[in-house]
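No lab work stands behind these numbers, since they all come straight from the coordinates. All figures in this text were calculated on a predicted structure; none of them were measured in a lab. Every residue, glycine as well, gets a Cβ built from its backbone with ideal geometry; the counts of neighbours run over all protein chains shown.
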């Protein structure tokens, strides 16, 4: 993905899973280094998109826990030395597929509360999958394929659900995964309806203040100081100038997200 001569990039909140997913999906070989403040660098050896585990961790449990810790880091940096030949003997049976771990990790995060929040945030928005970002077909089951087929054209959640023919929570978990790794393309603005929590559907009133709080990641009403801290944290993570090695597409995405965060903060600060 990146050459060894490039400088390390800041790793914003939630970005580790995107980095890991793209390296896994691209079947990258090399060394991924994560440097957190005041901590030893974490070095991950990859072979064709799979993390090489230790001899004592053939099942990958320790590696999975290690990746989960890295996913929770804030203020870290990352760089990837692509093409590095660091494949130890005997490692054939000690590999953890990165893209598969990312999906499992993200889908496990979704609970009923987050699922309802996701429905409210995406209500009325037409969704599709970004070209080149969908999961490897070899890792998809029949349900995945139905969901992806339903999202081959931009459609709303209430249109995707009957086409996918899958339980609601299963669909939302897959969409949460796609959204978290940057594979979800959204067109339009939220409406006041989404498919409901039961077998039927019902209206969801959109509270502008609640929507703005969600953008900032603030739970509850949030006082002025909490809003300011949340805004500054997100602004630092999203400012394009702090991502000098980002592609033009990535910079545009950062600019769009920063504009959303700024608008949400200005609305709440009034």
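Things worth noting here:
- The label point for residue 241 and the one for residue 165, both projected 7 Å from the Cα toward the Cβ, are 5.4 nm apart.
- Size of segment 208-269 as Cα extents on the principal axes (Å, biggest first): 36, 20, 16
- Separation of the residue 74 and residue 108 label points, Cα + 7 Å toward Cβ, nm: 2.2 nm
- Each of the peptides 15-24, 159-168, 131-140 was scored by the mean count of other Cβ atoms within 10 Å over its residues; in descending order, highest first, they stand as 15-24, 159-168, 131-140.
- Applying 0.36 nm per residue to the separation of residue 62 and residue 260 and subtracting their alpha-carbon distance, the gain on full extension is 67.5 nm.
- Label zone at residue 226 (point 7 Å along Cα-to-Cβ), backbone N below 11 Å, segment 232-270: none
- Among 226-233, 256-263, the order from most to least packed when residues are scored by Cβ within 10 Å on average: 226-233, 256-263
- FRET efficiency for the pair residue 54 and residue 100, taken as 1/(1 + (r/R0)^6) with r the Cβ-Cβ distance and R0 = 22 Å, rounds to 0.70.
- Length gained on full extension, residue 250 to residue 267, computed as 0.36 nm times the residue gap minus the Cα-Cα distance: 3.5 nm.
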